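Values in this text are rule-based calculations from the coordinates and carry no lab data. The model shown is predicted, which means the values in this text are computed figures rather than measured ones. In this analysis, Cβ positions are derived from the backbone assuming ideal geometry, glycine residues included, and neighbour counts consider all displayed protein chains.
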Amino acid sequence: MALARVTTKGQVTIPVTIRKALDIEEGDQLLFELNNDETVRVRVVKQRRLMDLYGALPATRPFPGKQAIREEVGKDLGQRRTRPQP
């Protein structure tokens, strides 16, 4: 069992044994769930990078390249600007 003290600002330092056991790293978030019996469940929400999602979905068409995408987005933005406002 590990013990931690709450500061006047409500901050707590998580003991190193707990951080290691739960693999808590800088940037991770903690989710606190208050139960009806006044106990608290703490869950670790890992920080994920956008690159972690690379390849998660199958490609539906080949990648046309950055320049082609920029042109397509620019064309779409240009059309939005020229549309009459209701």
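Could you please give the count of residues in the stretch 14-38 that are of a type in the set (V, I, T), part of a loop (DSSP other than H, G, I, E, B) and closer than 15 Å to M1 by Cβ?
Filtering the stretch 14-38 for residues of a type in the set (V, I, T) gives 14, 16-18, 24.
So of that shortlist, the ones also part of a loop (DSSP other than H, G, I, E, B) come out as 14, 24.
Next, only the ones that are closer than 15 Å to M1 by Cβ stay: 14.
Of the residues in the stretch 14-38, 1 are of a type in the set (V, I, T), part of a loop (DSSP other than H, G, I, E, B) and closer than 15 Å to M1 by Cβ.
Can you pull out every residue in the stretch 46-64 that is surrounded by 10 or more Cβ atoms within 10 Å (Cβ to Cβ) and not in a loop (DSSP other than H, G, I, E, B)?
Correct list: D52 only.
Report, ordered by the first and then the second residue, all pairs with beta carbons closer than 6 Å, sequence separation of six or more or different chains, a first member in the stretch 34-46 that is within 10 Å of L22 (Cβ to Cβ), and a second member that is not acidic (D, E) and not in a loop (DSSP other than H, G, I, E, B).
V42/L30; V42/F32; R43/L31; V44/L22
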